[in-house]
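Trainee: Below are the structure tokens for one structure; questions will follow.
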Amino acid sequence: MSVRISTERRMLRDAEFETVARPHYPDIFNLSGDELTEFLSRVRNYRNKARDIARQQRREMRGKAEPRGARPATDNTGTSIKRQILGNALKRLNREAGRRAAEERRASQSEIARRALALKRANRVRHHPSAGRTALQGMQPIPSQAPTVETDPREIGRVSQFVKDAQARRDG
């Protein structure tokens, strides 16, 4: 739920209001990085303080804690609205800080991509092996790569004669 600026003015002290009112749209874009960090720190401290006070007031209303003032708290709506206002301001500041960080990342990513492209273009060497033998002027005989065994012609005749003799013995 958004809170009107008039409500912010009424619920916050002057120092808190100045800290919360400045980082509204579009003024938040004009903050430098150091100012943004400083506002984040201040708003976070104010929010934490309001959160702790609201927690203490809730405990006092339930009777679980001793009252911090002269009498116990009976209502903590003002403190919880204050916490909500400060929480919304913290969300705005965190969103802006995240947007700036993403913008820086985006710029660095594009620089990395440009560098990678430059390296790729500088290394334009073809890494393909040669095609080997090609057809050129028609068919060419390709010698067999299988190992060859040189057989003595006399051995061929001896084996043939042995087979003939063995066949004749079986037949006769």
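Trainee: How many of the residues in region 23-40 are surrounded by 11 or more Cβ atoms within 10 Å (Cβ to Cβ) and either acidic (Asp, Glu) or closer than 10 Å to LEU93 by Cβ (or both)?
Mentor: Adding up the residues that qualify gives 9.
Trainee: When you scan region 1-87 for helices (runs of 4 or more DSSP H) that lie fully inside it, which ones turn up with 2 or more residues that are of a type in the set (Val, Ile, Thr) and over 23 Å from GLY98 (Cβ atoms)?
Mentor: Per the criteria, 5-11.
Trainee: Out of the residues in region 114-159 that are surrounded by 10 or more Cβ atoms within 10 Å (Cβ to Cβ) and either of a type in the set (Gly, Ala, Ser) or in contact with a Ser or Thr (Cβ under 7 Å, 6 or more places away or on another chain) (or both), which is modelled with the lowest pLDDT?
Mentor: GLY157
Trainee: Of all residues in region 20-46, count the ones that are at pLDDT below 80 and of a type in the set (Ser, Thr, Tyr).
Mentor: 1
Trainee: Turning to a different aspect of this structure: Among the residues of region 68-91, which ones are without any contact (Cβ under 8 Å) to a residue 40 or more places away in the chain, out of contact with any Ser or Thr (no Cβ under 9 Å at 6 or more places or on another chain) and surrounded by 14 or more Cβ atoms within 10 Å (Cβ to Cβ)?
Mentor: Listed by number, the residues that qualify are PRO72, ASN76, THR79, SER80, ARG83.
The values are calculated or read from the model by the stated rules, or taken from the named source; none is laboratory data. The structure displayed is predicted, hence computed values, not measured ones. Every residue, glycine as well, gets a Cβ built from its backbone with ideal geometry; the counts of neighbours run over all protein chains shown.
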